[in-house]
Amino acid sequence: MKARLTIKQIAKLANVSDSTVSRVLNNQPDVNEDTRQRVLAIVKELNYRPDPIARSLVTGQSQTLAFLTEDIRNPFFAEVARGLEDAASKYGYQVIYCSTDSESGKEKMYIEMLLAYRIAGIVFTSFSGNKEVIQEIIKCKIPYVFVNRFYNEIPGDCVLIDNYQGGYMATRHLIKLGHRRIVHLGRSGVSCTSLDRKRGYEQALREAGIEYNENLVKEIKGGLKYNSGYEITKAILQEEEFTAIFAVNDLIALGAWMACLEEGRRVPEDIAIVGFDNIDFTSFPTIGLTTIDQPKYEMGRQCMKILIDRLRGDVYGEKYNKKIVYTPKLVIRKSCGYYLKGYSL
């Protein structure tokens, strides 16, 4: 295999110093124009491609960001990632994606790899809560942002919506439509995201004078995926009577919908359903899922703004963590059955 051309070889061919070639390749202004053109001509003729790993070893930092997520196939995470990627490209950064499947071992493996390659910054949409991992990232002075996540005991910048308010809005809407036995499909964990949505659910019940029923609150095992919503709803349909479901995300809601249909329950005539995230295809006329909207793309863009501030020297540390919270929005569609109750949009 042909050896990779080096900056030192280009410098020798152009009869200039290694540092001059480096300044040309980085488009720095303090280079004589004739020298610049001579170096660029050699680079073009020999088809030179910079080695990003070697560059990171010299500078101590790469031009690459990492996006760690539970599963990049989830449309919510994909939209956040696109916002991050579009913003990153304007600053000359690239993004690599790592799906951890919520496995701590896989997460640790990815982070060790990223630290070894001097990654410029990390965006987490999934994190196990391992404090030692975070301390290692901080020790390496690599900025990171949690998106759609917040941890009381783990320092870090974060971008999210008011999940408590979102859970409250979804449940209150179902109560206004006359529902009193409302299932909540959620998930526990170290992140406050799902827990806050559940707290909003509980608050809406209290305000309406509806007694909290732990039999109607089910914890998703495994990932927040379509199949998980389908399987847990299949089970609860055999155990409890209820007229509505508030799911912790849209994929769970859609899985629950399919389970209801297979068990002969009509949506929304028999069971109303509300999701969370407002992923794109939930608005299709054949679906029409009522849901809580999050500004997914903008959240991704905001992550990049925070990382750039950190990379440019903004004070780093727990005392100065940034927390950007967006306001959720209830998007009413046919799955909640509003039109059956005479509810006016």
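Structure notes:
- For Arg82 and Glu240, the difference between the fully extended length at 0.36 nm per residue and the C-alpha to C-alpha distance is 52.8 nm.
- In the context of the full set of protein chains, residues of the chain present 50 Å² of accessible surface per residue (probe radius 1.4 Å, heavy atoms only).
- Label-to-label distance for Lys341 and Leu40 is 6.5 nm, based on points extended 7 Å past Cα in the beta-carbon direction.
- Within a Gaussian network of the chain (alpha carbon springs, distance under 10 Å), most fluctuating of Leu46, Leu115, Leu84: Leu46
- Nearest 10 degrees, 0 to 90: helix 33-45 Cα axis against the chain principal axis: 70 degrees
- Per residue, the convex hull spanned by the Cα atoms of segment 237-306 amounts to 91 cubic angstrom.
- In summary, the convex hull built on the alpha carbon positions of the chain has an orientation-averaged projected area of 22.0 nm².
- Additional length obtainable on full extension of the chain from Tyr297 to Tyr117, 0.36 nm per residue less Cα span: 62.1 nm
- Segment Asn47-Ser19, length gained on full extension (0.36 nm per residue, minus Cα span): 8.1 nm
- The translational diffusion coefficient of segment 195-249, from Stokes-Einstein at 10 °C and 1.306 mPa s with a Kirkwood hydrodynamic radius over alpha carbon pairs, comes to 128 µm²/s.
- Note that segment 87-101 has calculated 3J(HN,Hα) couplings of 5, 4, 4, 5, 9, x, 10, 10, 10, 10, 10, 10, 9, 8, 6 Hz, one per residue in order, obtained from phi through the Karplus relation 6.51 cos²θ - 1.76 cosθ + 1.60 (θ = phi - 60°); glycine and proline are x.
- Atom-type composition of the exposed protein surface of the chain places 50 percent of the accessible area on carbon and sulfur (1.4 angstrom probe).
- Label point distance in nm, Glu211-Lys106, each placed 7 Å from Cα along Cα→Cβ: 4.2 nm
- Residue among Asp86, Asp277, Asp309 with the largest mean-square fluctuation in a Gaussian network model of the chain, springs linking Cα atoms under 10 Å: Asp309
- Residues with amide H under 5 Å from that of Ile122, placed H, sequence gap 5 or more: Ala66, Tyr144, Val145
- Measuring r between the beta carbons of Lys305 and Cys140 and using R0 = 22 Å, the FRET efficiency lands at 0.55.
- In sequence order, calculated HN-Hα J values of segment 196-212 (Karplus, 6.51, -1.76, 1.60; Hz; x Gly/Pro): 5, 5, 5, 4, x, 4, 5, 5, 4, 4, 4, 4, 8, x, 9, 5, 5
- Dipole check for the chain: with +1 at the C-beta of Lys and Arg, -1 at the C-beta of Asp and Glu, and the Cα centre as origin, the magnitude is about 960 Debye.
- Nearest-0.05 FRET efficiency for Asn152 and Lys329, computed from C-beta distance (R0 25 Å): 0.45
- For segment 121-273, average projected area of the Cα convex hull in nm²: 9.3 nm²
The values are calculated or read from the model by the stated rules, or taken from the named source; none is laboratory data. Being a predicted model, the structure only gives us computed values, none of them experimental. Every residue, glycine among them, receives a Cβ derived from its backbone with ideal geometry; neighbour counts consider all protein chains shown. The accessibility values were calculated without ligands, DNA or RNA, using every heavy atom of the protein model including side chains. Shrake-Rupley method; radii C 1.70, N 1.55, O 1.52, S 1.80 Å.
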